[in-house]
Structure formats: C-alpha cells, structure tokens
Amino acid sequence: MRYNRINIITSAPKPPEASILIIYTGGTLGMIHDAQGALKPFDFSSILDHVPSLRQLELNLTVISFEVPIDSSDISPTEWVQIGKLIYSEYDNFDGFVVLHGTDTMAYSASALSFMLENLSKPVIFTGAQLPISSFRSDARENVITAIEIAAAKENGAAIVPEVCIFFDYKLFRGNRSKKVESLYFDAFESENYAALAESGVVINYNRSAILKSNKKHDLILHDRFDNNVAILKLYPGMTKSYVTSVLGCDGLRGVVLETFGAGNAPTANWLIELIEEAIKKGITVVNISQCPGGTVMQGRYETSKRLKEIGVVGGMDMTLEAAITKLMIILGDEKDMTEISLKINASKCGELSLN
C-alpha cells in the first residue's frame, strides 16, 4: 500500500525533545471543509496552522497518511496489519506513535494492535474526533495535542505509558479495555472494567499503578496473522433455533464470541445447548462474553451458565467484546489445537482481562 509522508519540526531551531510518528488512517478528525462546505481530507503539511499549540511541544513529527483515507466502518484485519507493520518497521526511529482513526471501530483497532505488538515498550496512542479539525468547536485539537504529548512523555528515559491506548475527551484508556459508548457527545469512550490510565487537566495526571510495565528488555514481536472465520452470537429472549443454527453453521467457522446475559448466563433450552456443544465438537472455539458493559463472566455460578461450562465453552472473564473478537482472530491465526487456544484466551496477554 502507498502512503504519503510529511516531516514537521515543531520547535525549530531548538533540538526536538522527542520524535513522534503520526499515522492517519482516516476518520472525522482529518477532514476539513472546502470552499463549498463539503468535507475533504486534511493536508497534514498545514497541521501547525490548524493546531498552533503544537509549536510549544518541541517535537519532531512525521505524518504518514493512508493515500486513500478509510472510513473506520470499513476497517478490517488488512488495515490492522498495515498499521502494525508501519509501527514495527519504524519502531527504532521514533519515541512514540499516534494513530488517528475514526471513532466507530477505534476500540476494535486498538484492541487488535495491543495483541499484535508483543513486548511493546513505547506508547501507541489512538485518537480521533467527533467533529472535523476545521470545525470551530472541534474536539480534534485537544485530542491530537494531548495524544502527542502522552506519546512523547518519558520518565527516567523510559516511556510513561508503554502500551496501546485510546485518548479521548481528557481521558486515557487502555485500548483493549475501551468501548465506544456515545455518538453525539465528546466523551465517546469508556472503560467500565479498568481504571483510566491518565486524565488531562491543567497537567496530565498519570495513574501509574494501572499502567502496564515496559517490555523494553525484549525485542518487539509483530503478530500479523489473523483468522477472521469468526462470528458473534448475541443471545436475546425469543431467539429462534434457525438463527443460532445459521450462525454456528457458517462455512469455515473456527471461533464464536457468545454474548450472554449478566455474569455469563444463557437460556437452558436443550436445543441451544446441543447446538453449541455440537459446534465445539466440530472444532469451533466458543468464548463467553457478557453483554453488560461492566462486570465479569463467572461460568457455573448460576445454573444458567453451568451447562455452558460443562460442554466446553471458554469463559471470557471481563474482556470487552472488541478485545475478545480481535484476540480470538489472532490466536486462531497462530493456533490449531483447541486446548492451546482456550489457554491463550484465558491468559492476560497485555492487560485485557483481570486474573484475580
């Protein structure tokens, strides 16, 4: 894929304090209004004109833009691999990375990148905006400035936040703990099961106890094999046998995220349990994730989840749907053995689930 590359020194003639790579994939943030009022992609060579506060950060910025910006609704593993390969190939050249991305699927992309970049020791900060950067009331400027500042932040020579995150509306969340919860207001993201990693006010207050420890002692490893022969089976009162059969009967299906009620509960109808058990016997991994935005799956606590555990459904604990589906894709890309797949799902790879 072809990219456009622009180098920007915000603080000339002073030597920059850090070098940051900004990857623009598409989305509302990078749009401006033309003379006729229509939205068009933003020319990042003029970013200092739109965000003059960047001149105060004393940074060396490099912007790599997808030649054809992609709406986040069209994001797929293909684009995740492109972003991952860009970070991997430029990893030694920059102190941190900022990914500008549409909000609709940002939590999926941030989750995917967190699993792709093993032994990460530098910040990868996703951000975007609800309004274009050219809009008078846009949230883009604050989001971009603070995301860049966090990506550049160091303490004793090491990155303060060496993990994949989402920064939005003054809060920094772990990427694989995040979920888009709002489409009309600026506070678009939440992390119900894990504390914010930082909050931006007069200063940026870091919640250091919640931040992952750096893996600087080990080389970065890129996992770029996805198997997207997966499905999401959402349970609801009144669902039919034909609905469940059609989902579980997809050609080539290897994994299913089962969205259950409450703490992992499902209807006890024999036909439902039998269909799920039959799928597992065929080699399909089924992961139990709660429909609730907060809390955790506790298979076996209630009678309505006991049978799921007995037939081999894997409890997804407190993972988000976005983390569960992307993690499953990556694990299936590397593993064929169902026992190994289950063990890897239940292991916390980069803070996506709580083990105690």
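The values are calculated or read from the model by the stated rules, or taken from the named source; none is laboratory data. Please read all numbers here as calculations on a predicted model, not as lab measurements. Don't worry about glycine lacking a Cβ; one is built from the backbone with ideal geometry, like all the others, and counts go over all protein chains shown.
Descriptive notes on the structure:
- The residue list GLY351, GLY283, GLY295 contains one member that is in a loop (DSSP other than H, G, I, E, B) and either assigned by TED's automatic domain parsing to the domain that holds MET116 or under 16 Å from the mean Cα position of the chain (by Cα) (or both), which is GLY351.
- On the stretch given as region 64-99, residues that are closer than 21 Å to LEU120 by Cβ and either surrounded by 15 or more Cβ atoms within 10 Å (Cβ to Cβ) or charged (D, E, K, R) (or both) total 22.
- Looking across region 248-267, the residues that are free of Cβ contacts under 8 Å to residues at least 60 places away in the same chain, buried (at least 18 other Cβ atoms within 10 Å of the Cβ) and not in a loop (DSSP other than H, G, I, E, B) come down to LEU248, VAL256, LEU258, THR260, ASN265.
- Among strands (runs of 3 or more DSSP E) entirely within region 134-209, having at least 1 residues that are within 19 Å of the chain's Cα centre (by Cα) singles out 164-168, 171-174, 198-200.
- Filter result for PHE189 (of a type outside the set (Val, Ile, Thr), touching a strand residue (DSSP E or B) at 6+ places or on another chain (Cβ under 7 Å), surrounded by 18 or more Cβ atoms within 10 Å (Cβ to Cβ) and touching a residue at least 60 places away in the same chain (Cβ under 8 Å)): yes
- LEU120 outside any helix (DSSP H, G or I), modelled with pLDDT of 95 or more and over 14 Å from the mean Cα position of the chain (by Cα): yes
- Selection within region 160-171 - among the hydrophobic types (A, V, I, L, M, F, W, C) and at pLDDT below 95: PHE168
- Selection of region 333-351 for residues being in contact (Cβ under 8 Å) with a residue 24 or more places away in the chain and either out of contact with any Phe, Trp or Tyr (no Cβ under 8 Å at 6 or more places or on another chain) or small (Gly, Ala, Ser) (or both) yields GLY333, ASP334, MET338, ILE341, SER342, ILE345, ASN346, GLY351.
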